[in-house]
Structures are given as structure tokens and as C-alpha cells.
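All remarks here apply to the structure that follows.
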Amino acid sequence: MKSLDFVILVILPSLLSAQQVTNIRAQQEGREIAVYYDLTERANVTLGVKVDGERVKPQLLSGDLGRHIEAGERKRIAWQVLDEKNGKFKSTDVVFSVRANAPWRAFVLAEGAIASKPFQYSVGLMAGAVSRVGAYAKARSSFQFGSPEGFIRRDNDNYYISTKDASHNAAEMPYLMSGKSKIMHYVVDAGIIVRVANKQDYKWYVYAGAGYGERRLLLQSNDGKWLRYEPTSYKGVSIDVGVMMAYKHFIMTLGVNMIVPKYTEIQIGSGYIFN
């Protein structure tokens, strides 16, 4: 009958998992060795074994290892060492390492944003995946469309038609406007996400990214032309920053988006995080 020849068991957490895996211990239980540990968050768990400094790959493992192991105390991994095909080990130095990696979690959410001067809104989607770090992409639009047929500026409560950024001639007559307006706006961003707080039911993240955006304020004249009002029309690099909170499978964001250097929106979103 085979017997265990292990005399000394050295138990180590993975350095990458030190905050997730605690209180690791091992003991002989009949024909197997049981490795116990506590897990602070849901994770993908693996067991490493070294015998006299050489790594071995156990085949007969069972228990709390693999993908998406729930957080908790006294998790157990069993190694049926005496039933291994080449399992006759004689050693006084065996090292077990327990490694836990936070699983990737995909998410998708609906996002809305508002701005002033004048009031304007946009809606869109944000999607990505995150573990301790992650990435995202988003796009929003006002869903108002059209091409400007000229440029307009305001002077002493009157509007004047002219070429872009050119001042009007003093002899020009004010241009009559219908009072209708629309704002054409879109923004596309991508960036990174970093987890900054981790609890069993909820997690906090910060995100930052960049992209491109454009906002055009169009005013309609009495003769039906849509004219771009330059002082509140912007386009260029978009900067995107915010915070994200995940509670179980619910996710929420709050952030700020800026088309450099002037146009700023406050944005909020909510959606679903998987896994």
C-alpha cells in the first residue's frame, strides 16, 4: 500500500494574489493532501506544486479551483496524490502556491449627457470589460443632422451672415432669423478602467479616455437656411473621465466629457455587468 512521504509542507500565496488569498494551510487527509484557503473575492483559482524545487503538474485535483470560485472562508482543494500515475514522491520539501485572478467582467450601459449654453443633450452606449484593470469604448450623439449653408455671428443682438470668422461690414443689414435651432453633436471615446475599491458585493473604478467630438449649433433664417453659429460650435480632441460603481450585476457611471478646450458635458449611465 502506498503511503505519503511528505514531511514538510510549505504553503505560499501567489504574490499577485496576496490580497485575495489568505490563511493558506495544508494537511494530509487519508490518501490525499487537502489545501485550505480563504478567498476575499470571486476569482479564478489555480494550484501550483513544486517538489524539491521542481514544478509538477497534478492531474487529480478537485474542489474549489477553476473559474469563478465564490468568495468565502475555508475553501478546499484536494490532491489525490497517491492515485497519480507517477505519484510516488519521496520528499521533505513540497511547496504549494494558490493563485487567484479576478475574472474579466464584460459590461454594457446606456449613457446620457447634458450641457448648457445653450442646453443640449446626447445619448449613446458604453461597453467594455474589466478585471483589476480594463478597457472601454463609447459613442454618443444628439441624433440631429443637417449641413450648414453658411456661418452666422451675433453683434448687439443682431445676426449677420459672413464667411467663417470674418467680421461683418458696418453697412450690412441684420439677417432675419426664424427662431428655430438644432444642435448637431457626436463624440467617440475609448480608454482604460482601473479598480480602486473592492468589496464582496460592490466595486469602484475610475476611467479615463480620449477621442474625437464635434458640436454644431445651427440657427434657421427666415428664408429657411441652416446657419452655423460659430461662438458655441466646437470640434476637436475629446477628453473623458469619470467613476464607475458595480453592485452585483448593476453598474452605474458618472463623468465629465470635454471637447478641448471649451465645451463640457456632464454624463451619467447605467447598465449591466456580466459574470
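The values are calculated or read from the model by the stated rules, or taken from the named source; none is laboratory data. Not measured: the values here are computed from a predicted model. Cβ: placed from backbone, ideal geometry, glycine included. Neighbour counts: every protein chain shown.
For the condition buried (at least 17 other Cβ atoms within 10 Å of the Cβ), assigned by TED's automatic domain parsing to the domain that holds Ser116 and at pLDDT below 95, what is the one hit in Ile193, Ile259?
Result: Ile259 is the single residue among Ile193, Ile259 that is buried (at least 17 other Cβ atoms within 10 Å of the Cβ), assigned by TED's automatic domain parsing to the domain that holds Ser116 and at pLDDT below 95.
Hey, does the stretch 110-130 have a residue that's loosely packed, with under 14 Cβ neighbours inside 10 Å, without any contact (Cβ under 8 Å) to a residue 24 or more places away in the chain and not hydrophobic (A, V, I, L, M, F, W, C)?
yes
State whether the residues of the stretch 211-227 include one that is crowded, with 16+ Cβ neighbours inside 10 Å and within 15 Å of the chain's Cα centre (by Cα).
Scanning the stretch 211-227 turns up no residue that is crowded, with 16+ Cβ neighbours inside 10 Å and within 15 Å of the chain's Cα centre (by Cα).
Kindly provide the set of residues from the stretch 228-255 that are more than 30 Å from Met177 (Cα to Cα) and buried (at least 17 other Cβ atoms within 10 Å of the Cβ), ordered by number.
Residues of the stretch 228-255 that are more than 30 Å from Met177 (Cα to Cα), as a first pass: 237-255.
Ser238, Ile239, Asp240, Gly242, Met244, Ala246, Ile251, Thr253, Gly255 - these are the residues of the stretch 228-255 that are more than 30 Å from Met177 (Cα to Cα) and buried (at least 17 other Cβ atoms within 10 Å of the Cβ).
Evaluate the stretch 23-35: report whether one residue or more is part of a strand (DSSP E or B) and modelled with pLDDT of 90 or more. Can you show your working first?
In the first step, residues of the stretch 23-35 are kept if they are part of a strand (DSSP E or B); the result is 23-29, 32-35.
If we keep only those that are modelled with pLDDT of 90 or more as well, we get 34-35.
Looking through the stretch 23-35, at least one residue is part of a strand (DSSP E or B) and modelled with pLDDT of 90 or more.
Could you say whether any residue in the stretch 253-275 is under 24 Å from Leu218 (Cα atoms) and charged (D, E, K, R)?
Checking the stretch 253-275: at least one residue is under 24 Å from Leu218 (Cα atoms) and charged (D, E, K, R).
Considering only the stretch 54-70, state which residues are assigned to a loop (DSSP other than H, G, I, E, B) and surrounded by 11 or more Cβ atoms within 10 Å (Cβ to Cβ).
Filtering the stretch 54-70 for residues assigned to a loop (DSSP other than H, G, I, E, B) gives 57-60, 64-65, 70.
Pro58, Gln59, Leu60, Asp64, Leu65, Glu70, listed by residue number.
Within the stretch 1-22, can you find the residues that are aliphatic (A, V, I, L, M) and modelled with pLDDT of 75 or more?
The answer is Val21, and nothing else.
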